[in-house]
Amino acid sequence: MKDDPDHTRRWLINVSGAALLSNVIPVAPAFAQGAGAAKPAATKESAEDSVKEEPLSPVTVALANYISGTLDRELPAPVVAKTKMHVLDTIAAMVSGSRLKAGVAAARYVDGLGGKPQATVVGTGILTSTVNAALANGMAAHGDETDDSHLKARFHPGCGIVPAALAHRGIRRPQR
């Protein structure tokens, strides 16, 4: 193995996992379908191996159609306002959590992992891979215990979603 960050033990574990998963995931193509969509023609092999298809519930069809059409319409103003509040709340939890035990431990952990300098671990000078930054920032946000929550769903969406989205966008510290 090279000394290149892409050829480390972590890289080897990831590649091994991908190889294992490639043998588990079915080879037959999958298609997303809305209500009334034509199904692809079944091949001889897939017809023999297929399980009896159950009809989709009307609720599932309605939800799938609603979600698939979200990019074609503007979000309602109350949804935009609520989203902004959730994102701001999570960023505040990341900043304050970066000074707490969970955030400090996460930053130390991902700093030891290394990785390409793609995204910032909030509250530190650490630039690391997007995956590592998302992990550390998520731990900091959740460790603060002031992160957002969704009462009906009974979970904290921000600490998992916002750090991953920000890391994916490659947020970096401003250069001085």
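The figures follow:
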| item | result |
| --- | --- |
| Positions within segment 138-148 being in contact with a Cys (Cβ under 9 Å, 6 or more places away or on another chain) and either open to solvent by 20 Å² or more (accessible area, probe 1.4 Å) or modelled with pLDDT of 80 or more (or both), in sequence order | GLY138, MET139, ALA140, ALA141, HIS142, GLY143, ASP144 |
| Lone unmet requirement of (1) within 20 Å of HIS156 (Cβ to Cβ); (2) part of a helix (DSSP H, G or I); (3) open to solvent by 80 Å² or more (accessible area, probe 1.4 Å) for ARG99 | (2) |
| Which numbered condition GLY125 fails, given (1) touching a Ser or Thr at 6+ places or on another chain (Cβ under 9 Å); (2) of a type outside the set (Phe, Trp, Tyr); (3) open to solvent by less than 70 Å² (accessible area, probe 1.4 Å); (4) part of a loop (DSSP other than H, G, I, E, B) | (1) |
| Some residue of segment 160-167 being buried (at least 18 other Cβ atoms within 10 Å of the Cβ) and in contact with a His (Cβ under 6 Å, 6 or more places away or on another chain) | no |
| Flag if GLY103 is farther than 18 Å from THR90 by Cβ and more than 17 Å from the chain's Cα centre (by Cα) | no |
| Only one of LEU151, LEU135 that is surrounded by fewer than 24 Cβ atoms within 10 Å (Cβ to Cβ) and modelled with pLDDT of 90 or more | LEU135 |
| ALA93 being crowded, with 22+ Cβ neighbours inside 10 Å and part of a helix (DSSP H, G or I) | yes |
| Search result, residues across segment 104-121 that are in contact (Cβ under 8 Å) with a residue 40 or more places away in the chain, farther than 16 Å from ALA164 by Cβ and either open to solvent by less than 60 Å² (accessible area, probe 1.4 Å) or in contact with a His (Cβ under 9 Å, 6 or more places away or on another chain) (or both) | GLY114 |
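The values are calculated or read from the model by the stated rules, or taken from the named source; none is laboratory data. Worth saying up front: this structure is predicted, and the values here are computed from it rather than measured. Note that we place each Cβ from the backbone using ideal geometry, even for glycine, and neighbour counts take in every protein chain shown. Remember, those area values only see protein heavy atoms, side chains included, never the ligands or the DNA or RNA. Shrake-Rupley method; radii C 1.70, N 1.55, O 1.52, S 1.80 Å.
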